[in-house]
Amino acid sequence: MCGIVAYIGPRDAVPYLIEGLRRLEYRGYDSAGVATIDGGQLLLTKRAGRLDNLVQELAEHASPGCVGIGHTRWATHGPATDVNAHPHFGGDHAVAIVHNGVIENFRQIKARLEAEGCVFESATDTEVIAKLIGRCYEDRLAAGPDEHTAGEPVDGWIAPHHRLLADAVQQAVAQLQGTYGLAVLFRDYPDVIIAARLGSPLVVGVGEGEHIIASDASPLAGHTEQIVYLADHQLAVVTADSLRVIDRDQGYVQHQIDVLEMTPDAVALDGYPHYMLKEIYEQPETIRNSMRGRLSVDEATAIFGGLNLTPQQLRRANRILLTACGTSWHAALVGEYMIEEMAQIPVEVEYASELRYRNPPLESNTLLFAITQSGETADTLAALREMKRKGHPTLAICNVVGSSIAQAADGGIYLHAGQEIGVASTKAFTSQCVVLAMLALYFGRMRNLSFDAGMRIIEQLHKLPDQVAQALSTGAAVKEIAAKYAHCNNFLYLGRQYNFPTALEGALKLKEISYIHAEGYPAAEMKHGPIALVDEHTPSVVIIPHGFVYDKVMSNLEEIKARGGPVIAVVCEDDTRVADLADDVIVVPNVEDFLQPIVTIVPLQLLSYHIALLRGCDVDKPRNLAKSVTVE
Ligand code: AGP
């Protein structure tokens, strides 16, 4: 959702802000704005709609200045209008802020400030924070210097006024309930930006005589390789050449500088028309990266460096709970089948949004895995924290290094799939399934899975990247099929066992980027209701690779044909039966049952992509959706 970029240094801020906001577009937004300080004034430019509207406005009315804040807003409080776009002013235009997150008690604070004479222009919760910081700032100035803000700087501070500004922000955020990532400019102090976070990520890129603050690492790529991840309740005082981090409880803390491994290529299209297509075609490589160094042929098992639990603790686990949202939840379903089959440990899969408020009876040796691409999904983070509070070991299967969920978990496994920018998750899903397969192998080998069986799984995993590449070669055929069905307004997706989650994921992909109504079902459930939807205008995508349920799914396919429904079938390369029945056939390589979802999902990703394109949809930025859902 919303994106933040801020710059302070020797150069004009606006080009940095716009470049950074472009890299954050993938998060989803519906308005954008920037503020800079120039000639003792805060200059504000904001526009509803796409970033290009803002760029056009800035071309007509420049916003100079070597310090600035920028924002892409995904509307929560009030519609997507110029007025509601960030930044917002406080303190009689002495303060400008951008904000990610949601403030739950903004109505109470707004009422209090209005009673004190504050006038609000927008419907946003953010303007309340701006006015509150403005009020705390004015109070702080009126109180005059104290022992902290008079005389020589002490305690790691650069200048007394930095302390004063930080105090004003601290006093304001102490009154907020909810989540925030904030970047704050003070008109009279262009040498500093104050940033603060609670529950909404913020990072600081450390450059040569300059700093970039952002809501994720992508705006930093190519500018610096040094990154500081702010933690909850931390505030940063950022000048061109200094960074001070203050913790709410501990005061001034020495920050840790990590290496940012992201290159500008990670955010480049590399000749592809869309990030989604690029990410679909990256899958052979991203799957390889997820497995790299994690399969031990000597011990016929998987190796994970970051679980932070002893083998004894892991061996004692008698139940595994997998929690996630959306596509990651579909990967969790695949994981359930894999872990139960290979390791014989009971697994439950819970939507994080449900788990966070549920109180299920759980045995003491239950391990929680939170599965998430972004590591920022609010519900998944809350579910993980709730389980941690109850004393269960919590682990994350996560793509974004240093994300909130990666930090909150006791340990975990990174996907190493590289940055995923397309809102529709593709390569993260296949990497999640691969990591879960390795986890199933790992737990299996701790229990009853033999060395030979472990080796067979490893051999299958090693072959997988090439098989996914082969599945990608269906692209041209899938494009033709897409053209045949792009006009349809309803689709059914059907699969069984390992391909039941594939059916759910295929349907989700189609609905989120083409806005077509699509439903996924276990194929045998058809008879219990959905078959009523079958007619000549409703195609069914039937996933029917080889395996022990092949004949059963074949019967379901025949039932659809008997009722005049068109069938697009995903079959294995040596299939001889389905082509006679189905209207269209997509051929993928023959793989072991447990790896089928990783291969069969590939043409379904491509099918969604081509249908969405044919319907004129914005594939990478589908309407109403955000890449990381950081609000409840
Ligand atoms: C996937 O295509 C969706 N955009 C969405 O369902 C996503 O998977 C979900 O919001 C969870 O995100 P996460 O993996 O970053 O936690």
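Which one of these is part of a loop (DSSP other than H, G, I, E, B), open to solvent by less than 10 Å² (accessible area, probe 1.4 Å) and in contact (Cβ under 8 Å) with a residue 24 or more places away in the chain: 428, 383, 396, 417?
Exactly one of 428, 383, 396, 417 is part of a loop (DSSP other than H, G, I, E, B), open to solvent by less than 10 Å² (accessible area, probe 1.4 Å) and in contact (Cβ under 8 Å) with a residue 24 or more places away in the chain, namely 417.
May I ask you to verify whether residue 208 is at pLDDT below 90, in a loop (DSSP other than H, G, I, E, B) and open to solvent by 10 Å² or more (accessible area, probe 1.4 Å)?
Criteria not met by residue 208.
Within the group 600, 576, which residue is surrounded by fewer than 22 Cβ atoms within 10 Å (Cβ to Cβ), out of contact with any Asp or Glu (no Cβ under 6 Å at 6 or more places or on another chain) and of a type in the set (Ser, Thr, Tyr)?
Testing whether each residue is surrounded by fewer than 22 Cβ atoms within 10 Å (Cβ to Cβ), out of contact with any Asp or Glu (no Cβ under 6 Å at 6 or more places or on another chain) and of a type in the set (Ser, Thr, Tyr) leaves just 576.
Can residue 534 be described as within 30 Å of residue 463 (Cβ to Cβ) and among the β-branched types (Val, Ile, Thr)? Quick ask: steps written out before the conclusion?
Working: within 30 Å of residue 463 (Cβ to Cβ): no; among the β-branched types (Val, Ile, Thr): yes.
Taking the combined requirement at face value, the residue does not satisfy it.
Just give me the residues in the stretch 524-550 being in a helix (DSSP H, G or I) and farther than 24 Å from residue 474 by Cβ, in sequence order.
Going through the stretch 524-550, the residues in a helix (DSSP H, G or I) turn out to be 524-528, 530-533, 550.
Answer for the stretch 524-550, where residues must be in a helix (DSSP H, G or I) and farther than 24 Å from residue 474 by Cβ: 524, 525, 526, 527, 528, 530, 531, 532, 533.
Any residue at all in the stretch 440-447 that's within 11 Å of the ligand (Cβ to nearest atom) and open to solvent by less than 10 Å² (accessible area, probe 1.4 Å)?
no
Given the conditions (1) within 11 Å of the ligand (Cβ to nearest atom); (2) farther than 30 Å from residue 277 by Cα, which single one is not true for residue 390?
Residue 390 satisfies all of (1) within 11 Å of the ligand (Cβ to nearest atom); (2) farther than 30 Å from residue 277 by Cα except (1).
Could you tell me whether any residue of the stretch 427-437 is closer than 25 Å to residue 359 by Cα and in contact with a Ser or Thr (Cβ under 7 Å, 6 or more places away or on another chain)?
Within the stretch 427-437, none of the residues are closer than 25 Å to residue 359 by Cα and in contact with a Ser or Thr (Cβ under 7 Å, 6 or more places away or on another chain).
What are the pairs, 6+ residues apart or on separate chains, where a residue within the stretch 3-28 that is without any contact (Cβ under 8 Å) to a residue 12 or more places away in the chain has its Cβ under 6 Å from a residue that is open to solvent by 10 Å² or more (accessible area, probe 1.4 Å)?
Listed pairs, sorted by first residue: none to list.
Right, residue 340: surrounded by fewer than 24 Cβ atoms within 10 Å (Cβ to Cβ), away from the ligand (no atom under 14 Å from the Cβ), within 23 Å of residue 497 (Cα to Cα) and free of Cβ contacts under 8 Å to residues at least 12 places away in the same chain or not?
Yes; evaluated as a whole, the condition is true for this residue.
Is it the case, given these coordinates, that residue 600 is away from the ligand (no atom under 16 Å from the Cβ) and in a helix (DSSP H, G or I)?
yes
So which residues in the stretch 603-628 are more than 16 Å from the ligand (Cβ to nearest atom) and either open to solvent by 10 Å² or more (accessible area, probe 1.4 Å) or out of contact with any strand residue (DSSP E or B) (no Cβ under 7 Å at 6 or more places or on another chain) (or both)?
The answer is 610, 613, 614, 615, 616.
In the stretch 403-412, which residues are within 14 Å of the ligand (Cβ to nearest atom) and outside any helix (DSSP H, G or I)?
If the condition is that a residue be within 14 Å of the ligand (Cβ to nearest atom) and outside any helix (DSSP H, G or I), then 403, 409, 412 are the ones that fit.
On the given criteria, is residue 288 in contact with a strand residue (DSSP E or B) (Cβ under 7 Å, 6 or more places away or on another chain), more than 15 Å from the ligand (Cβ to nearest atom) and under 29 Å from residue 503 (Cα atoms)? Please lay out each step first, then the result.
Details: in contact with a strand residue (DSSP E or B) (Cβ under 7 Å, 6 or more places away or on another chain): no; more than 15 Å from the ligand (Cβ to nearest atom): yes; under 29 Å from residue 503 (Cα atoms): yes.
Answer is no for this residue.
Would you say residue 521 is of a type in the set (Ser, Thr, Tyr) and assigned to a strand (DSSP E or B)?
yes
In the stretch 544-571, what residues are crowded, with 22+ Cβ neighbours inside 10 Å, β-branched (Val, Ile, Thr) and over 16 Å from residue 485 (Cβ atoms)? Outline the logic, then answer.
First pass over the stretch 544-571, keeping only residues crowded, with 22+ Cβ neighbours inside 10 Å: 544-545, 553, 556-557, 560, 567-571.
Going one step further and asking which of them are β-branched (Val, Ile, Thr), we end up with 544, 553, 560, 567-568, 570-571.
Residues satisfying the conditions are 544, 553, 571.
Can you tell me which condition residue 631 does not meet? The list is (1) open to solvent by 20 Å² or more (accessible area, probe 1.4 Å); (2) assigned to a loop (DSSP other than H, G, I, E, B); (3) over 30 Å from residue 268 (Cα atoms), and all the others hold.
It is condition (3) that residue 631 fails.
Test residue 454 against the criterion of being closer than 27 Å to residue 325 by Cβ and touching a residue at least 24 places away in the same chain (Cβ under 8 Å), and give yes or no.
no
Exactly one of these conditions fails for residue 10: (1) open to solvent by 10 Å² or more (accessible area, probe 1.4 Å); (2) modelled with pLDDT of 95 or more; (3) not in a loop (DSSP other than H, G, I, E, B). Give me its number.
For residue 10, the exception is condition (3).
For the stretch 356-374, enumerate the residues that are within 16 Å of the ligand (Cβ to nearest atom), open to solvent by less than 10 Å² (accessible area, probe 1.4 Å) and either β-branched (Val, Ile, Thr) or modelled with pLDDT under 95 (or both).
Once the filter is applied, which keeps residues that are within 16 Å of the ligand (Cβ to nearest atom), open to solvent by less than 10 Å² (accessible area, probe 1.4 Å) and either β-branched (Val, Ile, Thr) or modelled with pLDDT under 95 (or both), the stretch 356-374 yields 371, 372.
Does residue 172 satisfy the criteria of being open to solvent by less than 10 Å² (accessible area, probe 1.4 Å), modelled with pLDDT of 95 or more, within 26 Å of residue 381 (Cα to Cα) and in a strand (DSSP E or B)?
For residue 172, the condition - open to solvent by less than 10 Å² (accessible area, probe 1.4 Å), modelled with pLDDT of 95 or more, within 26 Å of residue 381 (Cα to Cα) and in a strand (DSSP E or B) - is not met.
With a cut-off of at least 3 residues that are open to solvent by 30 Å² or more (accessible area, probe 1.4 Å), name the strands (runs of 3 or more DSSP E) lying wholly within the stretch 17-130.
The qualifying strands (runs of 3 or more DSSP E) are 41-48.
Criterion first (among the aliphatic types (A, V, I, L, M) and within 13 Å of the ligand (Cβ to nearest atom)) does residue 352 satisfy it?
yes
Would you tally the residues in the stretch 448-472 being among the small types (Gly, Ala, Ser), open to solvent by 20 Å² or more (accessible area, probe 1.4 Å) and within 28 Å of the chain's Cα centre (by Cα)?
Adding up the residues that qualify gives 1.
How many residues does the stretch 496-537 contain that are open to solvent by 10 Å² or more (accessible area, probe 1.4 Å), under 20 Å from residue 623 (Cα atoms) and within 15 Å of the ligand (Cβ to nearest atom)?
Selection size over the stretch 496-537: 4.
The values are calculated or read from the model by the stated rules, or taken from the named source; none is laboratory data. Small disclaimer: the values here were computed from a predicted structure and weren't measured. Every residue, glycine as well, gets a Cβ built from its backbone with ideal geometry; the counts of neighbours run over all protein chains shown. Keep in mind that these areas ignore ligands, DNA and RNA; they rest on the heavy atoms of the full protein, side chains included. Shrake-Rupley method; radii C 1.70, N 1.55, O 1.52, S 1.80 Å.
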